[in-house]
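See structure below.
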Amino acid sequence: MSLFENTLKQINRAASLMNLDPNVKTLMENPQRIVEVNIPVKMDSGSLKIFKGFRVQHSNYAGPYKGGIRYHQDVDMGEVTALSAWMSIKCSVVGIPLGGGKGGIIVNPKELSLGELERLTRGYVRAIEPVIGPDKDVPAPDVNTTPQIMDWFADEYCKLVGKDAKGVVTGKTLEHGGSKGRNIATAQGGVYVLDEVAKEKGFNPADTKVIIQGFGNVGGVMAQLLAKKGYQIVGASDSQGGLIFENGVDPDKLLGCKAEKTTVVNCDIDFGGKRVSNEELLETECDILILAALENQINEGNASNVKAKIVFELANGPTTPEADEILAKRGVMVIPDILANSGGVTVSWFEMLQNADNNYLTEEEALAKLLPIMVDGWKAVKANADKYGCTLREAAYVTALTRIEEKIKEKGIL
Ligand code: NAD
């Protein structure tokens with residue numbers, strides 16, 4: 001099943017729970033605009049190579065399209081479409097005035113030189129320039145895209161339109177108009193939600209064992225923030241495999257080692273970690289399993305073997321709808337991506353506002369402004385879960401679709 005079919009299933013479930021206007025459902029099932037581009041890039045060898053890129057603008061009923069750009073060899077239109085729909089839903093779960101979009105380029109950026117990567121990024125901007133803009137569609141980083149790439153993006157766009165329009169993209173470096181706090185916002189937003197879950201469930205961080213799948217930007221920071229709160233980090237993985245630490249590990253040290261030795265797997269001897277496969281890591285005993293890698297990690301094949309009490313989704317789409325059903329039946333609480341990782345897009349929205357009025361927040365201010373948005377998002381989702389007697393994911397969809405329906409009707413579209 002394609003990732004977008006998963007999204008449609010999730011929308012359908014919520015729609016039938018809440019009696020969503022069928023016309024609103026139809027609008028949500030059909031992205032407003034799909035753009036596919038061929039990007040010519042002069043390679044260092046002198047040859048010309050064409051890369052395929054996408055931008056899917058799912059909906060702008062609540063505000064400009066918003067969503068990251070993924071550079072990955074396996075990215076395809078279906079994946080980007082699903083991710084764009086999740087952005088529409090995600091922004092509305094936390095009630096920020098943005099719609100949903102997503103972009104991608106089929107490329108393994110690790111195979112490109114820095115110069116090739118810059119030319120590819122600038123070429124992508126030239127190709128999609130007619131459909132983006134600070135009030136129209138605002139991309140951001142995603143898997144394998146960095147603040148440096150966002151700086152090139154903004155620079156190329158400003159040159160094309162002949163004015164300062166750096167708010168066309170978020171996730172830029174601080175020197176080029178980025179927001180303080182953006183680098184940790186996704187994980188920090190997750191921590192704010194987890195704090196609410198901890199209150200609800202009454203668990204104590206010091207007695208809580210956490211495993212992190214995907215020790216990258218988001219997963220690494222999440223581990224650091226949780227360790228500061230006293231949680232025990234007992235497992236971590238990246239694309240090369242995982243390590244289990246019976247007595248916990250200091251994530252600052254593990255991140256330092258990973259930076260030096262390229263993968264956490266090579267840090268086994270340094271911290272007494274036991275090597276496990278990515279599959280084994282997901283099935284290891286723990287209290288909270290944090291998914292911070294890619295899609296479809298918990299699926300029909302392994303959901304019955306997950307031993308965590310809580311699955312916390314920082315990645316987008318890491319649990320399939322079939323796995324959701326299995327986990328719900330087994331009483332495993334799933335904190336859904338569209339709520340759990342929405343801190344990133346929320347601080348991206350702060351970046352758009354800061355670029356527009358040239359007035360910048362401190363990191364403390366940005367993270368303080370994020371807190372009530374995440375807590376209100378959690379409360380709205382929890383209230384709908386109680387009202388409809390459904391899972392938190394279904395409740396998050398209900399929350400978002402209720403808000404999107406209002407916007408569509410306010411605008412007189414239906
Ligand atoms: P990243 O590339 O920095 O990190 C991803 C990590 O996952 C890497 O360490 C990679 O090695 C690892 N990984 C890949 N395949 C794996 C596998 N099979 N098993 C274990 N680990 C694996 O990317 P990121 O920015 O941290 O994003 C991670 C996820 O979070 C993505 O799904 C992304 O869409 C989502 N997300 C990111 C942000 C953000 O602010 N960066 C915001 C919202 C959602």
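Rolling a 1.4 angstrom probe over the chain with all protein chains present gives an accessible area of which 49% lies on carbon and sulfur atoms. Farthest towards the positive end of the charge dipole of region 183-340, among the residues LEU339, ALA198, ALA308, is the Cα of ALA198, using unit charges on the Cβ of Lys, Arg, Asp and Glu. Among GLN188, GLN354, GLN240, the residue with the largest mean-square fluctuation in a Gaussian network model of the chain, with springs joining Cα atoms closer than 10 Å, is GLN240. Other residues lying with their Cβ under 13 Å from the Cβ of CYS257 contribute a combined charge of -3, Lys and Arg counting +1, Asp and Glu -1. Relative to one another, the C-alpha centroids of region 64-133 and region 239-263 are positioned 29 Å apart.
How large is the dipole of region 52-177 about the Cα centre if only Lys and Arg carry +1 and Asp and Glu carry -1, each at its Cβ, rounded to the nearest 20 debye? The dipole magnitude comes to about 220 debye. The residues of region 183-340 present an accessible area of 40 Å² per residue when probed at 1.4 Å with all protein chains retained. Using the rule -39500 (n - 2.57) for each DSSP H run of four or more residues, divided by the residues of the chain, the 222 nm mean residue ellipticity is -15000 deg cm²/dmol.
Given the options GLY101, HIS176, ALA187, identify the residue whose Cα lies farthest towards the positive end of the charge dipole of region 93-188 (+1 on Cβ of Lys, Arg; -1 on Cβ of Asp, Glu). Projecting each Cα onto the dipole axis, the largest value belongs to ALA187. Against the criterion of solvent-accessible heavy-atom surface with a 1.4 angstrom probe, VAL143, VAL234 sort, most first, into VAL143, VAL234. Rounded to the nearest 20, the Cβ-based charge dipole of region 183-340 about its Cα centre (Lys and Arg +1, Asp and Glu -1) stands at 380 debye. Each eigenvalue of the Cα gyration tensor of the chain, multiplied by 5 and square-rooted, gives one semi-axis; in descending order these are 31, 27, 20 Å. In the context of the full protein assembly, ARG330 retains an accessible surface of approximately 110 Å², using a probe radius of 1.4 Å and ignoring ligands and nucleic acids. Taken about its Cα centre, region 273-414 carries a charge dipole of roughly 360 debye when the Cβ of each Lys and Arg holds +1 and the Cβ of each Asp and Glu holds -1. The peptide list 265-278, 123-136, put in order of mean Cβ contacts within 10 Å with the highest first, becomes 123-136, 265-278. When all protein chains stay in place and ligands, DNA and RNA are ignored, the 1.4 Å accessible-area order of ASP142, ASP250, ASP357, largest first, is ASP357, ASP250, ASP142. Rolling a 1.4 Å probe across all protein chains gives HIS72 an accessible area of roughly 40 Å². Coupling constants for region 163-173 follow from the phi torsions by the Karplus curve (6.51 cos²θ - 1.76 cosθ + 1.60, θ = phi - 60°), and in residue order they are 7, 6, 9, 5, x, 5, 8, 10, x, 6, 5 Hz; glycine and proline get x.
Take GLU175 and VAL131, extend 7 Å from each Cα along the Cα→Cβ direction, and tell me the distance between the two endpoints in nm. Each label point lies 7 Å from its Cα, and together they span 3.3 nm. Per-residue accessible area (protein heavy atoms, 1.4 Å probe) orders ILE184, ILE34 as ILE34, ILE184, starting from the largest.
A straight line joining the Cα centroids of region 172-205 and region 264-303 runs 22 Å. Could you compute how fast region 183-340 diffuses translationally, taking Rh as the Kirkwood radius over C-alpha pairs and applying Stokes-Einstein at 37 °C with viscosity 0.692 mPa s? Give it in µm² per second. The diffusion coefficient I find is 216 µm²/s. Working note: Karplus 6.51/-1.76/1.60 with θ = phi - 60° gives region 8-18 the couplings 4, 4, 5, 5, 4, 4, 5, 4, 6, 4, 9 Hz, where Gly and Pro are set to x.
Per-residue SASA remark: LYS307, around 90 Å² accessible (1.4 Å probe; ligands, DNA and RNA not included).
Where in region 196-215 does the amide nitrogen come within less than 20 Å of the point 7 Å from the Cα of ALA383, taken along Cα to Cβ? The answer is 196-201, whose backbone nitrogens lie closer than 20 Å to the label point.
The value of relative contact order for region 183-340, using C-alpha pairs under 8 Å at least six residues apart, is 20 percent. Amide H to amide H distances under 5 Å link VAL334 with VAL311, LEU392, where only residues 5 or more positions off or on other chains count and H is placed in the peptide plane. Working from Cα pairs under 8 Å separated by at least six residues, relative contact order for the chain is 17 percent. The label-point distance for ASP357 and ASP270, in a model that sets each label 7 Å from Cα toward Cβ, rounds to 4.4 nm. The phi-based Karplus calculation (6.51 cos²θ - 1.76 cosθ + 1.60; θ = phi - 60°) puts the 3J(HN,Hα) values of region 303-308 at 4, 5, 9, 5, 9, 5 Hz, whole numbers, x for Gly and Pro.
The values are calculated or read from the model by the stated rules, or taken from the named source; none is laboratory data. Given the structure is predicted, the values throughout are model-derived calculations rather than measurements. Neighbour counts are summed over all protein chains in view; Cβ atoms, including those assigned to glycine, are modelled from backbone coordinates with ideal geometry. When the accessible area is computed, the model is the full protein with side chains, heavy atoms only, and any ligands, DNA or RNA have been set aside. Shrake-Rupley method; radii C 1.70, N 1.55, O 1.52, S 1.80 Å.
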